[in-house]
Amino acid sequence: MKKNKETVLGQGRFVRLVSRNTWEFVDRHNVKGIVVIVAVTRDGKLVLADQYREPVQSRVLELPAGLVGDKGENESLVTAAKRELHEETGYEAKRMKFLCEGPPSVGLSTERVTFYWAVDPKKTGPGGGDEHEDIVIHEAPLAGIEKWLARKRKQGILVDPKVYAGLYFAEKLFSRVEGRATRDRD
């Protein structure tokens, strides 16, 4: 398809509204990417972040995630994934395993998210996010997770669909042996 001239209709610090080829969409600029982390504890609990999101005016249950390079730093996606996991949840993982990458909202945004598996996460800090965030950490048991999520929805908390993508990976990569998780399968 021929690329027509791009017109910026409005711009903020991290996003700009663009018009191109009769499309209006949001371009995420001044960041190198977005990381999403799937972290399952040794005892089979999915680590989730619950925070207020202004665009939907509601609390939203999400996988730990964040922007890469949004403060001008030159960090890799893996480094950002480790940072965001610890900052938001207080968990650390020595290794992050790439899962997939793709656009979460192809009709609205230029964003691309990269999913990582946090290998053997351990709680080392309080989490809760940075000074601009108010994150509540949840450790939801994989056994019965559908009912757990349904209870949260009944409480008025929205569930980000990326949580369900994370559950797909959790089910593929996490197994239980004698009540403990085994290592991720390569």
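The values are calculated or read from the model by the stated rules, or taken from the named source; none is laboratory data. What you see is a predicted model, and the numbers here were worked out from it, not measured in a lab. The area values use the complete protein model at the heavy-atom level, side chains included, leaving out ligands, DNA and RNA. Shrake-Rupley method; radii C 1.70, N 1.55, O 1.52, S 1.80 Å.
Numbers for the structure displayed
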{"read-out": "Cα-based Kirkwood hydrodynamic radius, segment 67-174, one decimal, Å", "value": "15.5 Å"}
{"read-out": "Relative contact order of segment 42-186, defined on C-alpha pairs under 8 angstrom at six or more residues apart (%)", "value": "31 percent"}
{"read-out": "Carbon + sulfur, % of accessible area of the chain - ligands and nucleic acids excluded, 1.4 Å", "value": "53 percent"}
{"read-out": "Spherically averaged projected area of segment 6-102 from its Cα convex hull (nm²)", "value": "8.1 nm²"}
{"read-out": "Among Val38, Val56, Val18: highest mean-square fluctuation, GNM of the chain, C-alpha pairs under 10 Å", "value": "Val56"}
{"read-out": "Rounded tilt (10° steps) of 145-154 against the dominant C-alpha axis of the chain", "value": "60 degrees"}
{"read-out": "Angstrom value of the Kirkwood radius, inverse mean 1/r, which spans all Cα pairs in the chain", "value": "17.6 Å"}
